[in-house]
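See below for the structure under consideration.
The values are calculated or read from the model by the stated rules, or taken from the named source; none is laboratory data. What you see is a predicted model; the values in this text were computed from it and never measured. When we count neighbours, we look across all protein chains shown, and the Cβ atoms used for this are built from the backbone with ideal geometry, even at glycine.
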Amino acid sequence: MSMPEDFFFTEFDEIKKIIMNSEKVYLYDTVLISHNEQTYFKTGELMVRDFIGADVVIIIEAVYKEMLAANKSETGLSQRYVDYLSQFKTVIYVDEACLFNLIGYKYSQGIVPNMRKMVKMAFRSRVELVTVLSDVEMTKTEQDIIDHIHENFNDGQNYKEYSLIWTAFVIHEVFPKTLCNFIGADNDLFGLYLDCYLKEELKVHNSGKPFIKAWISSTETILASKIDEDHIHRLISAYRDTHMANRKIIYREYLNGILSLHLVNKIFTNEVFYDEVKNKLVHIVY
C-alpha cells in the first residue's frame, strides 16, 4: 500500500503534538466520507467540514484501506477523495504502528501490557480474541498482539469499526483531556459505541470511578442541530438523498416535553424529519 497523500499528517511527532494540543478530534468513518464526498461534488455543500471547523480529522488505517478499495487502487486515493478531504484544516493518518507509538510515548517501559489492556477493552465483545490476549505467554510482543487481532478478523468483518473504537481508547489513555468524536452512518459502529461507552458508563455510574467519554454524530444529528437555520431545507435535500433517506435513524421520543431514554429507529422522509425535529417530537441520536 502506498503512503497517504501529502495533505495527511503522517509523522508520529507531528501527530502526537497535534492530538496533545487538541480539545477534540473527529474519527471519520468511510461510509459517511463516501456520501459526503458525493454530496460535495454534486452540490458544493461542506456541512460536515463546517461542523468540524478547525478541529482535527483522524483517518485510521482501516478507513484509508476501504477508500483505496472503493477506488480499486493500491497506489492512492481517487482525486475526488483527495479534493474533498483537502477541504478540512487538519487531517492526520493514524495506522496501527502509530497506536503502539502513542502507548510507548506514555508507557516507554510497558508498551505490550498497556496495549494488551487497550485492545481487550476495545475488542471486548470478541471473546476468543480477549481470551487469547489474557494469556501473557501468547502476547509477549507488539507483533504478537497485531497477529492475534488480524487472525481473529481474517474475514475482515467489522474490523474497521473495532479499529475506530481501539484508536479512541488509545487516544483517551494517552491524552485524557482530548475528547474523541465518532462521525459516521454505520449502525455497527453505533452498536460498538453503545457497548464500549454507554454500557460502561452505567456500570461505573455509582462506583465513583471515572469512565471514558466519547461522542458520536451522524449527518442527521448535524442537520438536527441546524434545524432553525434559514438554509436547512437545502441541507436536508442535499444530505438526505435517496441512499441516506433509506437509512434507519436512531432517535429518542419526547412525551409531554420529557425525553425518553429508550432508543427507537425508523426511516424518516425529509418532510417528517424536519417536522418532528422542528416541533421537538424527537431527539436525533444517530
Residues (at pLDDT 95 or above and among the hydrophobic types (A, V, I, L, M, F, W, C)) located in segment 33-53
33, 46, 47, 48, 51, 52
Please work out if residue 227 is buried (at least 18 other Cβ atoms within 10 Å of the Cβ) and within 25 Å of the chain's Cα centre (by Cα).
no
Residue check for residue 23: of a type outside the set (A, V, I, L, M) and in contact with a Ser or Thr (Cβ under 8 Å, 6 or more places away or on another chain)
yes
Please go through segment 88-108 and pick out each residue that is under 22 Å from residue 53 (Cα atoms) and surrounded by 14 or more Cβ atoms within 10 Å (Cβ to Cβ).
88, 90, 91, 92, 93, 94
In segment 220-257, residues that are without any contact (Cβ under 8 Å) to a residue 24 or more places away in the chain and β-branched (Val, Ile, Thr) total 1
Breaking point among (1) farther than 24 Å from residue 19 by Cα; (2) of a type outside the set (Val, Ile, Thr); (3) assigned to a helix (DSSP H, G or I), for residue 74:
(3)
The condition from (1) more than 25 Å from residue 214 (Cα to Cα); (2) not in a helix (DSSP H, G or I) that residue 125 misses is numbered (1)
Among (1) part of a helix (DSSP H, G or I); (2) closer than 23 Å to residue 167 by Cα; (3) without any contact (Cβ under 8 Å) to a residue 40 or more places away in the chain, residue 50 falls short only on (2)
Those residues of segment 148-193 which are among the β-branched types (Val, Ile, Thr), crowded, with 22+ Cβ neighbours inside 10 Å and touching a residue at least 60 places away in the same chain (Cβ under 8 Å), in sequence order
167, 170, 171, 183
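For (1) outside any loop (DSSP other than H, G, I, E, B); (2) in contact (Cβ under 8 Å) with a residue 60 or more places away in the chain; (3) at positive phi, each residue gets a yes or a no:
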| position | (1), (2), (3) |
| --- | --- |
| 5 | no, yes, no |
| 15 | yes, yes, no |
| 42 | yes, yes, no |
| 54 | no, no, no |
Considering every residue within segment 176-192, establish whether at least one is within 18 Å of the chain's Cα centre (by Cα), among the polar types (S, T, N, Q) and at pLDDT 95 or above.
yes
Which of the residues spanning segment 14-33 are among the hydrophobic types (A, V, I, L, M, F, W, C) and within 16 Å of the chain's Cα centre (by Cα)?
19, 25, 27, 31, 32, 33
Given the residues 136, 127, which is the only one that is over 24 Å from the mean Cα position of the chain (by Cα), loosely packed, with under 13 Cβ neighbours inside 10 Å and at pLDDT below 95?
136
Residue satisfying all of: in segment 97-122; small (Gly, Ala, Ser) and in a helix (DSSP H, G or I); farthest from the chain's Cα centre (by Cα) among these:
104
Would segment 159-177 turn up any residue that is outside any helix (DSSP H, G or I) and touching a Ser or Thr at 6+ places or on another chain (Cβ under 7 Å)?
no
Within segment 214-277, strands (runs of 3 or more DSSP E) holding 2 or more residues that are at pLDDT 95 or above and touching a Leu at 6+ places or on another chain (Cβ under 8 Å):
249-255
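Yes/no matrix, rows are residues, columns are (1) in contact with a strand residue (DSSP E or B) (Cβ under 8 Å, 6 or more places away or on another chain); (2) under 21 Å from residue 50 (Cα atoms); (3) not assigned by TED's automatic domain parsing to the domain that holds residue 40:
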residue: 235; (1), (2), (3): no, yes, yes
residue: 240; (1), (2), (3): no, yes, yes
residue: 248; (1), (2), (3): yes, no, yes
residue: 253; (1), (2), (3): yes, no, yes
residue: 257; (1), (2), (3): no, no, yes
residue: 262; (1), (2), (3): yes, no, yes
residue: 266; (1), (2), (3): yes, no, yes
residue: 271; (1), (2), (3): no, no, yes
